[in-house]
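J.: Have a look at this one before I ask anything.
Only the coordinates and a few stated rules stand behind these numbers; no lab work does. Given the structure is predicted, the values throughout are model-derived calculations rather than measurements. Backbone-built Cβ (ideal geometry, glycine too); neighbour counts: all protein chains shown.
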Amino acid sequence: MAWFRRSGEEVGVREGRIRMPEGLWIKCDGCKEIIYKVELERSLQVCPKCNFHFRVGSRQRLEWLLDPESFEEHDANLRSLDPLGFKDSKPYPDRLRQAVKATGMKDALLSGLGTIGGHPVSIGAMEFGFMGGSMASVVGEKVTRCAERALERRFPLILLSCSGGARMQEGALSLMQMAKTSAALARLAKARVPYISVLCDPTTGGVTASYAMLGDILIAEPKALIGFAGPRVIQDTIRQELPPGFQRAEFLLEHGFLDMIVERRRLRETLIALLGFFAADGQPNA
């Protein structure tokens, strides 16, 4: 018999087990501990026990980083077509519709203008929930436009990457975005406009091989997987055991591929400090 009732639902002990509302707890992929979801939200989706950084959406990332009500989204209505008539187990248009429904976005990059600590920036964040954050024609175009807005206004550019790489459903058209985005960043560098690249888990494939690794400052979240091919593919190819922590952020920092690793709760203050440095160094950002 239940101890008491609330809203017609029994709460208490039944058959030796306590009945609890569902969805209040989550298991950490790092330490395997059970975490209270409210506590996880307070810590910006970082495990308070082992510091494991859960994957989060692009809108959440920008909400944490940008000054309140400063974000002005651009290019929101750009959407992918199906130039190759691609079909695997599903037609490409069906996969796109499914991704749009799941994320509320037209493609895998959220971009626009905003301010961080009062510093104006051109910014973009990849949405892993949209087909694994894959880079296709629309993503390449939006990254390029982010760089062009930064160049036109002389605002620093910040891109947050979280991607499985190029989108196979667009074939060579997707791979072309590597050259397109890199060329846009070359123009930005020539004009001495700062570019900060933030690498989240995972940042792989064609995104790593193009704009994600071209920043003036390269920042990674702790333990983020960063590389071109995945470690399993590399190990099977070279038939050698890989070093511990291979392709994780800490390994890359140790070998000189990153400038810093920054925990999520410290990322905003770190960006504010960097933007202040660039402004003090004579880089116009207003």
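J.: Specify the residue with the greatest mean-square fluctuation among Arg167, Arg187, Arg61, computed from a Gaussian network of the chain linking alpha-carbon atoms under 10 Å apart.
T.: Comparing Arg167, Arg187, Arg61 in the GNM, the peak value goes to Arg187.
J.: Something else about it: Given the chain, what count of lysine pairs have C-alpha atoms under 22 Å apart, with each pair 8 or more places apart or on different chains?
T.: 18
J.: Compute, for the chain, the length of the dipole vector about the Cα centre, with Cβ point charges of +1 (Lys, Arg) and -1 (Asp, Glu) only. Units Debye, rounded to 20.
T.: Roughly 460 debye, rounded to the nearest 20.
J.: Quick one: dipole size for the range 174-238, taken about the Cα centre, charges +1 on Lys/Arg Cβ and -1 on Asp/Glu Cβ, in debye to the nearest 20.
T.: It works out to roughly 300 debye.
J.: How big is D, in µm² s⁻¹, for the range 33-80 by Stokes-Einstein at 10 °C and 1.306 mPa s if Rh is the Kirkwood radius over C-alpha pairs?
T.: Estimated via Stokes-Einstein, D reaches 123 µm²/s.
J.: Among Gln247, Gln177, Gln235, which one shows the highest mean-square fluctuation when the chain is modelled as a Gaussian network with alpha-carbon springs under 10 Å?
T.: Of Gln247, Gln177, Gln235, the Gaussian network model singles out Gln235 as fluctuating most.
J.: Ok, one more. Please state the relative contact order of the chain as a whole percent: Cα pairs under 8 Å, 6+ residues apart?
T.: Computed value for the chain: 14 percent relative contact order.
J.: How big is the shadow of the Cα convex hull of the range 153-197, averaged over all directions, in nm²?
T.: Its Cα hull, projected and averaged over all orientations, spans 3.7 nm².
J.: I would also like to ask the following. Where in the chain are the DSSP H helices whose C-alpha atoms run 20 Å or more along the long axis and whose mean Kyte hydropathy is at least -0.5? Numbers along the way, then the final one.
T.: Values: long enough: 137-153 (24 Å, -0.43); 171-190 (30 Å, 0.57); 264-280 (25 Å, 0.48).
Qualifying helices, which must be both long enough and hydrophobic enough, are 137-153, 171-190, 264-280.
J.: For each of Glu127, Glu148, count neighbouring Cβ atoms within 10 Å of the residue's Cβ, then give the residues from fewest to most.
T.: Glu148, Glu127
J.: When a footprinting reagent is the concern and you count Cβ atoms within 10 Å, what order do Lys87, Lys101 take, fewest first?
T.: The most exposed by this proxy come first: Lys101, Lys87.
J.: Positive end of the charge dipole of the chain (Lys, Arg +1 and Asp, Glu -1 on Cβ, about the Cα centre): tell me which of Phe86, Leu66, Gly164 has its Cα farthest that way.
T.: Going by the Cα projections, it comes out as Phe86.
J.: For all pairs of alpha-carbon atoms in the chain, what percent lies in each bin of width 5 Å, listed from the first bin to the last filled one?
T.: With a bin width of 5 Å, the distribution comes to 1, 5, 11, 14, 16, 16, 12, 9, 6, 4, 3, 2, 1, 0, 0.
J.: Rounded if a/c is under 1.5, else prolate if a/b beats b/c, else oblate: with a ≥ b ≥ c from the C-alpha gyration tensor eigenvalues square-rooted, which is the range 95-160?
T.: Verdict is prolate for the range 95-160.
J.: Rg/Rh for the range 128-286: what does it come to with C-alpha atoms and Rh from Kirkwood?
T.: In the range 128-286, Rg relative to Rh is 0.98.
J.: Compute the Cα gyration tensor for the range 63-211, then decide on rounded, prolate or oblate, letting a ≥ b ≥ c be the square roots of its eigenvalues: rounded whenever a/c is under 1.5, prolate when a/b is larger than b/c in the other cases, and oblate in all that remain.
T.: Prolate is the answer for the range 63-211, as a/c is 1.5 or above and a/b outweighs b/c.
J.: Same structure again: Take every Cα pair under 8 Å in the range 78-148 that's 6+ residues apart, average their separations, divide by the length, and report that relative contact order as a whole percent.
T.: 30 percent
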